[in-house]
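Undergrad: Before anything else, here's the structure in question.
The values are calculated or read from the model by the stated rules, or taken from the named source; none is laboratory data. Fair warning: this is a prediction, and the values are worked out from it, not measured in the lab. Please note: Cβ atoms are built from the backbone with ideal geometry, for glycine as well, and neighbour counts cover all protein chains shown. Keep in mind that these areas ignore ligands, DNA and RNA; they rest on the heavy atoms of the full protein, side chains included. Shrake-Rupley method; radii C 1.70, N 1.55, O 1.52, S 1.80 Å.
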Number of protein chains: 2
Amino acid sequence: MQKTRKQRLRTALAQINVIPGQPALNTAVMLKAIAAAKRKKAELIVFPEMAIPGYLIGDNWEREAFLRECEACGHKIRAAASGIAVIFGNVGLDWTRKNEDGRVRKYNALFIAENKKFIRPQKGTYDFIIKTLSPNYREFDESRYFYDLRKLALELKKEPEDLISPVRAGRLNLGCVICEDAWDRDYGFSPLKILTGQPLDIIINCSSSPFTLNKNIRRRKIFAEQCVRMRKPLIYVNNVGIQNNGKTVYAFDGSSCVFDAFGNCRPVCGRFKEEVAIIDISLAGSSFAEPIMESEEGIGIIDEALVFGLRAFLGQCHIKRVVVGISGGIDSAVTACLCRRVLSPGNILLVNMPGRFTSPTTIALARQTLKNLGCYYVEIPIEKSVRHTVAQIDRLEIRSPDGALRSRLRINTAILENIQARDRSARILAAVAAAFGGAFTCNANKAETTVGYSTMYGDLAGFLAPVGDLWKHEIYALAGYMNNEIFHREVIPAGCFSLTPSAELSAAQNVDKKMGDPLYYPYHDRLFASWIERWNRITPEEILDWHIAGKLESEIGYSGKIKDIFKSNRAFVADLERWWNQYCGLAIAKRIQAPPILAVHRRTFGFGHREAQLPVWYSGRYFKLKQQLLSRKGGVAAVH
Amino acid sequence: MQKTRKQRLRTALAQINVIPGQPALNTAVMLKAIAAAKRKKAELIVFPEMAIPGYLIGDNWEREAFLRECEACGHKIRAAASGIAVIFGNVGLDWTRKNEDGRVRKYNALFIAENKKFIRPQKGTYDFIIKTLSPNYREFDESRYFYDLRKLALELKKEPEDLISPVRAGRLNLGCVICEDAWDRDYGFSPLKILTGQPLDIIINCSSSPFTLNKNIRRRKIFAEQCVRMRKPLIYVNNVGIQNNGKTVYAFDGSSCVFDAFGNCRPVCGRFKEEVAIIDISLAGSSFAEPIMESEEGIGIIDEALVFGLRAFLGQCHIKRVVVGISGGIDSAVTACLCRRVLSPGNILLVNMPGRFTSPTTIALARQTLKNLGCYYVEIPIEKSVRHTVAQIDRLEIRSPDGALRSRLRINTAILENIQARDRSARILAAVAAAFGGAFTCNANKAETTVGYSTMYGDLAGFLAPVGDLWKHEIYALAGYMNNEIFHREVIPAGCFSLTPSAELSAAQNVDKKMGDPLYYPYHDRLFASWIERWNRITPEEILDWHIAGKLESEIGYSGKIKDIFKSNRAFVADLERWWNQYCGLAIAKRIQAPPILAVHRRTFGFGHREAQLPVWYSGRYFKLKQQLLSRKGGVAAVH
């Protein structure tokens, strides 16, 4: 018994739903979790990184009153740590020192409390562990707020190695790190390697890590390697909930788990589920009976993340009812289905807004979708209003008071398209949503958003773009998944899948004649993704390089042939420049005023993909390659 | 002659207009400047920080093709450095190493070229100087992109001191630093102090420093102290132009200058003016004949920055014509005047859009303003369209297809207000702007923007908010300045100054009855500023603290008395919570979709003031103070 007890560590993994910016609420949840863990005889309870303040809270770190409250909440947790060791993330404060911005010194810190006291790490200068590696990419801004351990070492005239050590809690030597500390590949410095030589029973990684497609697969690989190298088990605790940086809403999936000393992973807490789970961990290094094999993540997880994120966002914003403008196309159908997953039919209103160019085909599809979903539905035509707007403005005389200036305004086709789109969203949907007591969605997808194929204050408007981080092929995949795996019936009609994607804003966008968007999604999805999703982002220069080398398709992952899309190199280049100009030009102006997006991929538009409105740039080498390509005769034959 | 030559350094201060993201264009300008400086026998030419790539270019640093072009442009400048020493900012690349994000190693670097070669600093490991202090506050994101010298020292297992030294260029020992390197007060480390003990003839600070009100005053104080301490003259070169981070547009004022070894400052280049100026600097430490006294910055500089920024932004976005919705109020009048400063009357269209609640008073003021400015003008009423919208939606039956759900939409006063605002902007102004061949402004001020007192897709819409960083009292001051100092006549009618600020969207907002906005600007301007502009941002907790201590007025800089505004403590607290809830709540959702703002102050909404949509937070202590305050009887007598 004594022996078994010695080799086992009963631990509570407290995968709590952290409410960002609400220290008192989080602390109350944590106190309950501690009490429950004690009842279950856990020796240790582990909370996520920044469990008290939340992680993505913008510049609220600049409010000293907020920091004081976080500190006081930490003291409450400390007072509850008796009969159990408690590890939790909080902001670590040193009121006697300054950050480099002149504000109070703040650390991203882990506190270990036992016997109602904080335990100082063996080599520490504070009663907490300091995050060593500060991510400053994508949505992460840590150096903006937190002083890291390396700067502290410099200040103390020490080596960073001198400040990293295990924490002795009772019988245990704990190697505690915070999130990025374990993702050390690209850093010149590894806290886990420094811990390696020291007495250690177990590694603990407290994280606040937003969901990104395939991130868990990478994480488990990295953590498993570290367990094997260090021959130690590892506990990983992440929070659930949503946090955001304004422009982008991140779902936190939890997925807290335990690794044995052989790197075998055992999932402990569910995905996207608040849960305090108890597990007995072997300190002796024995393997789990059945190591869990990780499969590829796919559309099912995207669905989970979006449903979780949408529900949580509506809850946080106190939005109880949602209006979806439903066109008969696939994007709005998928958005409506997502809403249906988190709201009852009585809290959803689908609005179809036919205009002069709306086909009976799409109206029928919209009606069919509505019938399948069973929500409120209404049709509100725009034609009369659009005509009134045109009548008020087209040929309207404008003049200066002295009559020196005289002119007439003219409305052309492009202007008329945008008038229709704005009439639908800013005139009808906004008012209908208010009258319904709710908010309306933006149904834009990632391909459209990339090149600004949308109208400001029109289809780009809404309180949230639930599918704004999905490429068009993912929208189709999600639609299929909804029908097959979720609703188990054809909620989204087959016609939506085969419909030509179209805005239906002019005679040139006639779906019945297979005329629609100027985007050929199977190709453009992949082309645009190379500009955005790649870690080293691709520009037209590389696109031409690849095209000339005959490997553009394989580089961007397009399964067809470029020469089947474009009649000539000239047409290929014209298309490339058209969309690059849009992506780097007007689309940025549109994204600046676009709604928040639910994040799925590594680079979601918003604070994780920062952009400035700049003149469009092509490299000098691009122009040379272009000249080379266009001076050859013939079709899209590659120039070798 | 020999002696004079030895004591004098003829230098060109190349205050160029850096186009962000356009290395080839900037390089062409730089080559011309070098040629001009050589003709004028300058020994040295100094360019700004990041002169080749630009500074605020978002995540475009992630494009390797862009980095390669920056590097190649640097080589072109190097090749031109013969017969003159050239100092310029560029991205410093090390393709063999990685940044902590896994991308290629990038430094914010200064290159010193002479005899067609880059000169390696005496203690350097690269052929460039590395920025040591990386700002990560306000709009600055340097750790996101650049590896700093301290990280490099750690990687090389050296002390940072071992990597900082002067550069020997010809006869000169140059102490080169980059922008923030000289703003070392809050850093644990000072590159200038490390340079102090080493042989040094002159300090050179290359910056790319956005205009902020009063920043030059602070800069000159800091730099003067450093000159005195080091007993060396200093050259400061900053660029002009505009750069942005999407949400916020920054004007760069240049203001390049020279300090003598006694800290006396001599302005060399003008403000907001591209200029390559030649100056003979004494290395012997002699003082300028007439040291320049710096006066307080004020509304005149704000005017300069806004006019410069607006002109440059229009130019960059290729917007040649502007539409301003003109209400008769002060905000739109000032915005129209700003546009008039940068565009001819034939390129401005003022649109008044009367509705049911528009008073003859404001229409008359709008007409008067228009007459004074002499632009195009037109009146387009909204009433018919608003009625149509109400007729389409109010009492409209919505139902589910099976009839199980049935309801009717209702439009109330608040919804009707927003319908009017959206009708003006999204229906009329957007279409009119397109038909006029231009874009329309957003006329919001900073107080409204703070609390979201505006309608999304309504008065919050526009391509840019030129006065969005001005508090209401600054709008009035700017209006007065326009009349008195710029136009020298009453362009903005006296009636606009005395008019009750009002949205005129309901019968309760009747300006003729002195009924209007729920904001009392003289007080709310100051209250809101404490939440935003203070370095350590204020929350309701401190507001109550101050109020209880009887010093709220002096703390926030309100010249009146709180007790003259609010009948009771209860009313005071209700007002405080109303606006705090708005500021931290719906106003954030609105700002996420708001247009870019021209920056004037230290904290402009946007990337310099990052925010997340979160549940509204009050500290526990706030509630205690509130209880304490409200439990006392009587009026707004402070509780001592």
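Undergrad: Give all pairs with beta carbons closer than 7 Å in which a residue from the range B:44-69 that is more than 17 Å from A:Tyr622 (Cβ to Cβ) meets a residue that is open to solvent by 10 Å² or more (accessible area, probe 1.4 Å) and aromatic (Phe, Trp, Tyr); count only pairs at least 6 apart in sequence or on separate chains.
TA: Correct list of pairs: B:Glu49/B:Tyr55; B:Trp61/B:Tyr145.
Undergrad: Right, something else. Is it the case that the range A:77-90 has a residue that's within 14 Å of chain B (Cβ to nearest Cβ), over 15 Å from A:Tyr55 (Cα atoms) and in contact with a helix residue (DSSP H, G or I) (Cβ under 8 Å, 6 or more places away or on another chain)?
TA: no
Undergrad: Name the single residue, out of those in the range A:113-145 being away from chain B (no Cβ under 14 Å) and basic (Lys, Arg), that is most open to solvent (accessible area, probe 1.4 Å).
TA: A:Lys117
Undergrad: Okay, next question. If I ask for residues that are under 13 Å from B:Phe272 (Cα atoms) and out of contact with any Pro (no Cβ under 8 Å at 6 or more places or on another chain), which ones from the range B:310-335 would you list?
TA: Selection gives B:Arg311, B:Ala312.
Undergrad: Return yes when B:Trp579 is among the aromatic types (Phe, Trp, Tyr) and within 14 Å of chain A (Cβ to nearest Cβ) and no when it is not.
TA: So B:Trp579 does not fit the description; no.
Undergrad: So, one more: Tell me whether the range A:195-202 contains one or more residues that are assigned to a helix (DSSP H, G or I) and either surrounded by fewer than 20 Cβ atoms within 10 Å (Cβ to Cβ) or not charged (D, E, K, R) (or both).
TA: Yes, the range A:195-202 has at least one match.
Undergrad: Of all residues in the range A:319-349, count the ones that are more than 21 Å from the chain's Cα centre (by Cα), more than 19 Å from A:Gly495 (Cα to Cα) and part of a loop (DSSP other than H, G, I, E, B).
TA: Total satisfying the criteria: 4.
Undergrad: With more than 27 Å from B:Pro466 (Cα to Cα) and surrounded by 15 or more Cβ atoms within 10 Å (Cβ to Cβ) as the only criterion, which of B:Ile548, B:Ile597, B:Ile556, B:Ile588 stands out?
TA: After applying the criteria, what remains is B:Ile548.
Undergrad: Do you know which residues across the range B:513-533 are more than 14 Å from chain A (Cβ to nearest Cβ), surrounded by fewer than 21 Cβ atoms within 10 Å (Cβ to Cβ) and of a type in the set (Asp, Glu)?
TA: Correct list: B:Asp517 only.
Undergrad: Are there any pairs, at least 6 apart or on different chains, whose C-beta atoms fall under 6 Å, with the first in the range B:490-505 and open to solvent by less than 30 Å² (accessible area, probe 1.4 Å) and the second of a type in the set (Gly, Ala, Ser), and if so, which?
TA: B:Ile492/B:Ala333; B:Ile492/B:Ala479; B:Cys496/B:Ala333; B:Thr500/B:Gly516
Undergrad: Same structure again: Quick test for you: out of B:Ala42, B:Ala33, B:Ala14, B:Ala37, pick the one residue that is more than 28 Å from A:Asp545 (Cβ to Cβ), in a strand (DSSP E or B) and at pLDDT 95 or above.
TA: B:Ala14
Undergrad: Tell me which of these B:Cys584 doesn't satisfy, since it passes every other one: (1) in contact (Cβ under 8 Å) with a residue 40 or more places away in the chain; (2) out of contact with any Gly (no Cβ under 8 Å at 6 or more places or on another chain).
TA: (1)
Undergrad: For the range A:252-262, how many residues are of a type in the set (A, V, I, L, M) and within 14 Å of chain B (Cβ to nearest Cβ)?
TA: Here the count works out to 0.
Undergrad: Follow-up. So, in the range A:146-162, of the ones that are touching a residue at least 12 places away in the same chain (Cβ under 8 Å) and open to solvent by less than 20 Å² (accessible area, probe 1.4 Å), which residue ends up nearest to the other protein chains (Cβ to nearest Cβ)?
TA: Only one residue fits best here, namely A:Pro160.
Undergrad: Could you say which residue among A:Asp512, A:Asp525 is at pLDDT below 95 and in contact with a helix residue (DSSP H, G or I) (Cβ under 8 Å, 6 or more places away or on another chain)?
TA: Step by step, each of A:Asp512, A:Asp525 is checked, and only A:Asp512 is at pLDDT below 95 and in contact with a helix residue (DSSP H, G or I) (Cβ under 8 Å, 6 or more places away or on another chain).
Undergrad: Which is touching a strand residue (DSSP E or B) at 6+ places or on another chain (Cβ under 9 Å) and open to solvent by 10 Å² or more (accessible area, probe 1.4 Å), of B:Asn510, B:Asn536?
TA: Only one candidate passes the filter, namely B:Asn536.
Undergrad: Let me ask something else. I'm trying to understand the selection: among the residues of the range A:202-246, which are within 14 Å of chain B (Cβ to nearest Cβ) and more than 21 Å from the chain's Cα centre (by Cα)?
TA: Across the range A:202-246, the qualifying residue is only A:Ile222.
Undergrad: Please go through (1) within 14 Å of chain A (Cβ to nearest Cβ); (2) surrounded by fewer than 24 Cβ atoms within 10 Å (Cβ to Cβ); (3) modelled with pLDDT of 95 or more for B:Asn173 and return the number of the only condition it doesn't satisfy.
TA: (1)
Undergrad: Could you identify the single residue in A:Val237, A:Val249 that is open to solvent by less than 10 Å² (accessible area, probe 1.4 Å), aliphatic (A, V, I, L, M), out of contact with any helix residue (DSSP H, G or I) (no Cβ under 9 Å at 6 or more places or on another chain) and not in a loop (DSSP other than H, G, I, E, B)?
TA: A:Val237
Undergrad: Which numbered condition in (1) open to solvent by less than 40 Å² (accessible area, probe 1.4 Å); (2) under 29 Å from B:Val322 (Cα atoms); (3) facing chain A (nearest Cβ under 8 Å) is the only one that B:Ala434 fails?
TA: It fails just one condition, (1).
Undergrad: Give all pairs with beta carbons closer than 7 Å in which a residue from the range A:165-180 that is touching a residue at least 12 places away in the same chain (Cβ under 8 Å) meets a residue that is assigned to a strand (DSSP E or B) and of a type in the set (Gly, Ala, Ser); count only pairs at least 6 apart in sequence or on separate chains.
TA: Listed pairs, sorted by first residue: A:Pro166/A:Gly175; A:Ala169/A:Ala85; A:Gly170/A:Ala85; A:Ile178/A:Gly89; A:Cys179/A:Ser207.
Undergrad: May I ask you to list pairs of residues, at least six apart or on different chains, whose Cβ atoms are under 8 Å apart, with the first in the range A:357-376 being part of a loop (DSSP other than H, G, I, E, B) and the second being buried (at least 24 other Cβ atoms within 10 Å of the Cβ) and among the hydrophobic types (A, V, I, L, M, F, W, C)?
TA: Once the first residue is part of a loop (DSSP other than H, G, I, E, B) and sits in the range A:357-376, its partners that are buried (at least 24 other Cβ atoms within 10 Å of the Cβ) and among the hydrophobic types (A, V, I, L, M, F, W, C) give A:Cys375/A:Ala336; A:Cys375/A:Ile348; A:Cys375/A:Leu349; A:Cys375/A:Leu350.
Undergrad: Which ones in the range A:532-555 are β-branched (Val, Ile, Thr) and either assigned to a helix (DSSP H, G or I) or more than 29 Å from A:Phe607 (Cα to Cα) (or both)?
TA: A:Ile532, A:Ile543, A:Ile548
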